[in-house]
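Student: Structure below; questions to follow.
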Amino acid sequence: MYVCGTSKNLIRNAINISNITRYSSSASTEDSPSYAQFVYNRNPRNLEKLRIAYKPAGYHLDKPGREFWHKLQVTTSKRHVTASVLHHTGMVPILATTAEWAIRKQLFSTLDKMAYITIGKVLAQRCLESGIFDMINTYEALPGSKLEALLQNLIKSGVRLEEYPRYKSPHPWDRERPEKPWEHY
Amino acid sequence: MSLSVTCLLKKQNRLLTFLSVRHRSQRRNLGKPITAAQTLEERLEEMNFKDPKIHFKVDIGLPQPLKDKKKETAKRIEYLKNIKCNAELEKLARDNELPVSLEEISNDWSKTNAPLHIKKIAEYYGVYEHLFGDAYFLPYIQMNINYQHDSQEVPVYRGNIIKPYEAVNSPKVEFEASEKSLWTLMLTNPDGHLQKENSEYIHWLVGNIPGGDVTKGETIISYLQPFPARGTGYQRMIFVLYQQTCEINFSFIKSVSEKIDLDKRTFSTFNFYQSKQDIITPAGLAFYQTDWDNSLTEFYHNKLMMPEPIYEYDFPSPYIKPQKWFPLKEPFNLYMDKYRDEKQIAKEFLLRKLKKTHPFQKPEPSLKYPCAVPFKKSTPSWLKLEMKKERLRWGRINDY
């Protein structure tokens, strides 16, 4: 699809706008004054959903690396299990812990396998309700362990434990034209 | 003769001495010394630092509802003691068969931790930032919002995805409130404005709702379904519930009509709240995300009476280094192609394609073994590459 001539100049003049998705229309604006040539989508999660957003590069010597949008974190203290989703900016949007009264109320113990299973289910439910469908997992669970039960329940409830790679816009001279992930409606 | 030989030897000697002397490497340490250098993390932190004296947030919400904490904890301890004494429960827990009800958990959660959690996720979605600027609130009132689609309920939580065809009709909204209280409900979209940057479309505004019954409220702006333009991605649709201290006269923005006027729906929550901040207090929050689907084409044509806009993400254009007069070690065809006008290239590709296509005949079948078709002997190598690209459908040919 082609961006018309005037907009091309605009692109050159544009400063880097972080976090704002800028879209150009394919039609010229003169015929249809009811909408502008550029629309700005301010939703900070939009580019991640469309798989265009950057994942932080520059930590490739660290292990585990930081190339993710969302990552699963499971921490165990002496009394409680906490599972949370970490965003690469350091935000923790979703959290489920046995210290919450709503969960604690129904458990016998806050550290047994049943607690891990419940935390897995609750975290998955909250993720789906908040529009987060996949995240990476860096844990290697031993077979039959509590952590494995948590991970399995997460998967069973509909959360993917891996992330798609970023879509890189192909240069005109590149050989391949990868499929655009946002064109599945 | 002897002279020249000694001369040569001398020269060689000089060369040898030059080679054998150890020179200091010209490669210095890159960047600052280790003691002064910063890691990427530290540098980013310094770059993104915001002074808390300037960039602080203001709470504009309701005060925390009063609870007798002492009584509550005593109750909880008693409850846990009972559980610990229950041998049956222990057995069930050991066998991993404890009956845990997720529904009950989410019910209890909405009474206890929900405001804090909702605030976190709303910050993550930039809801407060884009609606209220430097203010936030804790949503102490929980709303149950359900769309009806094909006799199925589609609930709104905190950022779940709902397609426009599911949200054609206004949703059912329920919340607990005392009978005498008055409320305002608002549905707004801060992402999809087709004309202006940093503006919102208001989709629904119901004011003076008595006692939590939305159907009895005064409809100030009638419900409009979400209409994210094609290609703009996911847009947030945000429900905000305000508590009123007294009845409000909404005549200054009231517009209830069958015809949809998008200019009249241009809205700013910030200005709205600012003008009424002494009377209204934000108390509830829920939102979902929506993106284009093919039911919207009809909506744009029949309801909005406009051609459907199609957008595409504006990727930054690739960097191409300035052209040289004498580029060394560069293949001339690929190098020159980078500096040609993209429109001209597109035209050439299109013309070549149109030359081959016939309106009434079938297209030529593709080659079965494209790499096995021989080239003419006189073909130059750059042309061979172009032909190969065309046969294997590599590169630009896919664009046109």
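Every read-out reported here was derived from the displayed coordinates using simple, explicitly stated rules and does not represent laboratory data. Treat the numbers as computed from the prediction; the structure is a model and nothing was measured. Cβ coordinates were reconstructed from backbone atoms using ideal geometry, including for glycine residues, and neighbour counts include every protein chain displayed.
Student: Semi-axes, largest first, in whole Å: what does sqrt of 5 times each Cα gyration tensor eigenvalue give for segment A:90-148?
Tutor: Values for segment A:90-148, descending: 20, 17, 9 Å.
Student: Under 15 Å between alpha carbons, and skipping anything fewer than 8 positions from A:Lys55 in its own chain: which aspartates and glutamates qualify?
Tutor: Excluding near neighbours in sequence, the set is A:Glu67, A:Asp134, A:Glu162, A:Glu163, B:Glu41.
Student: Against the empirical 2.2 N^0.38 Å scaling, what ratio does the C-alpha Rg of segment B:49-180 come to?
Tutor: That ratio works out to 1.43.
Student: Students often check this: by mean Cβ neighbours within 10 Å, which of B:100-111, B:339-350 ranks highest, and how do the rest follow?
Tutor: B:100-111, B:339-350
Student: Taking the Cα-to-Cβ direction at A:Thr89 and at B:Lys362 and moving 7 Å from each Cα, how far apart do the two end points lie in nm?
Tutor: 5.6
Student: Looking at segment B:180-269, which chymotrypsin sites (Phe, Trp or Tyr not before Pro) are DSSP coil and have at most 12 other C-beta atoms within 10 Å of their C-beta?
Tutor: B:Phe252
Student: Using a cut-off of 11 Å between beta-carbons, work out the net charge of the residues near A:Thr97 (Lys and Arg +1, Asp and Glu -1, A:Thr97 not included).
Tutor: Values: positive: A:Arg79, A:Arg104; negative: A:Glu100.
Once all neighbours under 11 Å are counted, the net charge is +1.
Student: Could you give the nm distance between label points at A:Arg166 and B:Lys343, where each point is 7 Å from its Cα heading toward the beta carbon?
Tutor: Taking the two extended label points, one gets 3.2 nm.
Student: OK, next. In what sequence do B:His301, A:His184, A:His70 fall when counting other Cβ within 10 Å, fewest first? Let's see the in-between values first.
Tutor: Values: B:His301 12, A:His184 6, A:His70 20.
Arranged by neighbour count, lowest to highest, B:His301, A:His184, A:His70 become A:His184, B:His301, A:His70.
Student: Just want the ordering: B:Tyr319, B:Tyr288, from fewest to most Cβ atoms lying within 10 Å of their own Cβ.
Tutor: B:Tyr319, B:Tyr288
Student: Give me the inter-chain shielding for A:121-132: mean count of other chain Cβ atoms within 10 Å, whole number please.
Tutor: Values: counts 3, 5, 0, 1, 6, 6, 0, 4, 9, 13, 12, 4.
Average neighbour count from other chains, rounded to a whole number: 5.
Student: A follow-up question, please. Subtract the Cα-Cα distance of B:Tyr400 and B:Glu330 from 0.36 nm times their separation in residues, and report this length gain in nm to one decimal. Could you put the intermediate results ahead of the total?
Tutor: Working: separation 70, 0.36 × 70 = 25.20 nm, distance 2.67 nm.
So the chain would gain 22.5 nm between B:Tyr400 and B:Glu330.
Student: Can you flag which of B:Lys91/B:Lys111; B:Lys180/B:Lys216; A:Lys49/A:Lys168; B:Lys216/B:Lys264 are past 22 Å Cα-Cα?
Tutor: The pairs that break the limit, which is 22 Å between Cα atoms, are B:Lys91/B:Lys111; B:Lys216/B:Lys264.
Student: Return the loop-located trypsin sites (Lys or Arg not before Pro) in segment B:173-275 (DSSP other than H, G, I, E, B) with at most 14 other Cβ atoms within 10 Å of their own Cβ; answer none if there are none. The partial results should precede the final answer.
Tutor: Details: sites: B:Lys180, B:Lys196, B:Lys216, B:Arg230, B:Arg236, B:Lys254, B:Lys259, B:Lys264, B:Arg265; in loops: B:Lys180, B:Lys196, B:Lys254, B:Lys259.
Taking segment B:173-275 and a limit of 14 other Cβ atoms within 10 Å, the loop trypsin sites (Lys or Arg not before Pro) found are B:Lys180, B:Lys196, B:Lys254, B:Lys259.
Student: Now for a different question. P(r) tail for chain B, what percent of Cα pairs lie past 41 Å?
Tutor: Across chain B, Cα pairs with separations above 41 Å total 50 percent.
Student: For B:Lys84, go through the lysines and keep the ones whose alpha-carbon is under 16 Å away, minus same-chain ones fewer than eight residues off.
Tutor: List returned: A:Lys105, B:Lys75.
Student: Quick one: grab the alpha carbon gyration tensor of segment B:199-285, order the square roots of its eigenvalues as a ≥ b ≥ c, and give me rounded if a/c is under 1.5, else prolate or oblate depending on whether a/b is larger than b/c.
Tutor: prolate
Student: P(r) for the protein assembly as shown: what percent of alpha-carbon pairs falls in each 20 Å bin, starting at zero?
Tutor: 15, 40, 29, 12, 3, 1, 0
Student: Give, as a single signed number, the net charge of other residues whose beta carbon lies under 15 Å from the beta carbon of A:Leu61, with Lys and Arg counted +1 and Asp and Glu -1.
Tutor: Net charge in that neighbourhood comes out at -1.
Student: Under 1.5 on a/c is rounded, so check that first for segment B:332-392, then, if it is not, pick prolate when a/b is larger than b/c and oblate when it is not; a ≥ b ≥ c are the square roots of the alpha carbon gyration tensor eigenvalues. Please report the intermediate quantities before stating the final value.
Tutor: Numbers: a/c = 2.61, a/b = 1.13, b/c = 2.30.
It comes out oblate by the Cα gyration axes.
Student: Next up: Would you mind counting up the charge near A:Thr76? Only other residues with Cβ under 13 Å from its Cβ, with Lys and Arg at +1 and Asp and Glu at -1.
Tutor: Working: positive: A:Lys78, A:Arg79, A:Lys113, A:Lys146; negative: A:Asp112.
Around A:Thr76, the surrounding residues sum to +3.
Student: Neighbouring Cβ atoms within 10 Å as the yardstick, rank B:Arg43, A:Arg166 fewest first.
Tutor: Fewest-to-most ranking of B:Arg43, A:Arg166: B:Arg43, A:Arg166.
Student: So which of A:Lys113/B:Lys120; B:Lys356/B:Lys389; B:Lys324/B:Lys384; A:Lys180/B:Lys196; B:Lys338/B:Lys377 end up more than 18 Å apart, counting from Cα to Cα?
Tutor: From the list (A:Lys113/B:Lys120; B:Lys356/B:Lys389; B:Lys324/B:Lys384; A:Lys180/B:Lys196; B:Lys338/B:Lys377), the Cα-Cα distance tops 18 Å for A:Lys113/B:Lys120; B:Lys324/B:Lys384; A:Lys180/B:Lys196; B:Lys338/B:Lys377.
Student: Have a look at B:Leu351, B:Ala372, B:Leu385 and report the one farthest towards the positive end of the charge dipole of segment B:332-392, computed about the Cα centre with Cβ charges (Lys/Arg +1, Asp/Glu -1).
Tutor: The one lying farthest along the dipole's positive direction is B:Ala372.
Student: Per DSSP helix of 4 or more residues, -39500 (n - 2.57); summed, then divided by the residues of chain B. What does that give at 222 nm, rounded to the nearest 500?
Tutor: -9500 deg cm²/dmol
Student: Other chains near B:187-198: what is the mean number of their Cβ atoms within 10 Å of each residue's Cβ?
Tutor: For peptide B:187-198, the averaged partner shielding equals 4.
Student: Could you work out how far the C-alpha centroid of segment B:210-275 sits from that of segment B:163-179, in angstrom?
Tutor: Going from one Cα centre to the other spans 13 Å.
Student: Another question, then. Give me the one-decimal nm value for the distance between modelled label points at A:Ala57 and B:Ser110, 7 Å along each residue's Cα-to-Cβ direction.
Tutor: 4.5
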